[in-house]
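Have a look at the structure below, then the notes.
Where a number appears in this text, it was derived from the coordinates with a stated rule and is not lab data. The structure presented is a predicted model; accordingly, all values stated were derived computationally and were not measured. Note: ideal-geometry Cβ built from the backbone for every residue, glycine included; neighbour counts use all protein chains shown.
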Amino acid sequence: MQSTGCSYEQECFHRPPVVDFFPQSLAVKGALLLGIQFEEVVLSNSNTAPACCSSRYGLALLSSYGFFVVYSLRVNLSVAMVDMLNNTHQASGNHSGSVCAPHDSPAPPKHNQSASVYNWDSATQGWILGSFFYGYILTQIPGGYLAGRFGAKWLMGFGILGTVLFTLLTPLAADLGANYFIAVRVLEGIGEGVTFPAMYTMWAAWAPPLERSRLLTISYIGAQLGTVVVLPLSGEICFYMGWPYVFYLFGAVGLVWFILWAFLVFDSPNSHPRISEEERLYITNSLKNELSTTAGYIPWRAIVTSVPLLAIVVAHFSYNWTFYTLLTLLPTYMNDILGFSIQENGFLSALPYVGCALMAVLSGQVADYLRETCLYRTVIVRKSFSLIGMIGPAVFLVAAGYTGCNYKLAVTFLTISSALGGVSASGFNINHLDIAPSYAGILLGITNTFATIPGMVGPVIARALTHNNTIEEWQTVFYIAAAINVFGALFYTVFGRGKVQPWAVHTCYSHGD
């Protein structure tokens, strides 16, 4: 690939070829003289295709449904696990083993007692909860590569379909034994591992630069909604129908998504048969100076030695430590410490993700407004949102550990912690598309590989540290997660960047760093 001689620290003001699609004006020329990035001024003054009924926003909504499925199949076990263990499920509906006084709840219907229960100790529970991520980590980098080589649509579609099929087999695997159960969860993780890299690759071809925060937050809000809906609904399903139906019902929802995805989604605007010509030109012209023109070439050496990418890796790893700690163990904390029943557990465990979902969407709107209208540099926006979305959750997570049995305050602090975490959706989380849109899927695969490690070891470490289920033990778990979060935020603030890196484009073309 042709070298441009631009270092990571330099601003590149090389003006791209003028096309009729971008009308020139005195305002643009004046902005150039003032040193304002040409790209952001041009895009903010160019003709844009309407968002309503557009193909790109249709893709955002359908991919959001896909990530709803992805997370519903990932988190349903967190609630079902409480009902699968005979040492935590009492026929009377009480939880006498919890640290805090149990909350009154109705007894489960008699037909719920037909579901099997198992004698898994805390160590086995930790391995089961973390087993998904042992498969998940294997397909991150291959997922990004395969999506770029063969197309993202079918890779993501078949990845989720495989996860759906193994989810439907989960009750059978649990009856066969813990080892079979772990194996099925690993296979589910392998299927889901390709989803985020594949979707990043697709957005590299579909998302105009100044709409990235909006489109990606809409797309990935499905992950939060999956958590918000599935946690309380899983509790209700366990209460009225039994835990096996948690896997059957959400598996069926996944099958419906695959049918819609197969018929309505296409890899790029140019391959979409129903996209308007106005929207197609808007998307392709806005991306033409960012995407690499060297087909099939991947600058692996530049990628693995990129300091801006390392900053995203550290931030992603750190954030996910806290995220996965709550995702996999919050229902256990609600049950073992705060004494909530299976029915209450799912609802209260979902509250933090309601706040996270709302803040993720809001932050996407604000981030693009700051970049497009206020002309804030991309790097400033990404770092600011990452600091708020990582240090804020750390503070309130630690505070939650000191609320004792004041369950209202505990749930409030956990909700605020997760809500502030949603701000990071417009921070480091989409920075891959800023620094290397052509290789966004591969970069996401790399960062998500490291960011999966917390999901693998976090539940195991947390359950090992909470063997006696005391409040002091859980405080240690929260302190560890908070410290890792703060470190990641500071590292990203120092080393993160917001412009397209020289190795990622044919010509060095700044993106507002």
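What the table below lists for this structure:
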quantity: Dipole magnitude (debye, nearest 20) for region 263-417, charges at Cβ of Lys, Arg, Asp, Glu; calculated: 400
quantity: Mean-position separation - Cα centroids, region 218-242 and region 313-334, in angstrom; calculated: 17
quantity: Cα-projected label distance for Tyr248 with Tyr479, points at 7 Å along beta-carbon direction, nm; calculated: 4.6
quantity: In sequence order, calculated HN-Hα J values of region 205-212 (Karplus, 6.51, -1.76, 1.60; Hz; x Gly/Pro); calculated: 9, 10, 9, x, x, 8, 10, 4
quantity: Only Lys, Arg (+1) and Asp, Glu (-1) charged, at Cβ; region 211-288 dipole about Cα centre in debye; calculated: 120
quantity: Between region 112-147 and region 424-451, the Cα center-to-center distance that results, in Å; calculated: 24
quantity: In order through region 458-466: 3J(HN,Hα) via Karplus (6.51 cos²θ - 1.76 cosθ + 1.60), integer Hz, x for Gly, Pro; calculated: x, x, 5, 5, 4, 5, 5, 7, 10
quantity: Among 321-332, 481-492, 53-64, the order from most to least packed when residues are scored by Cβ within 10 Å on average; calculated: 321-332, 481-492, 53-64
quantity: Calculated from backbone phi, Karplus (6.51, -1.76, 1.60) coupling profile of region 49-59 in Hz, x at Gly/Pro; calculated: 6, x, 7, 5, 6, 7, 5, 5, 7, x, 4
quantity: Paramagnetic reach from Cys52 in region 361-379 [backbone N under 19 Å; point 7 Å along Cα→Cβ]; calculated: none
quantity: Rounded FRET efficiency, nearest 0.05, which uses the C-beta distance separating Leu465 from Ala262 and R0 of 41 Å; calculated: 0.40
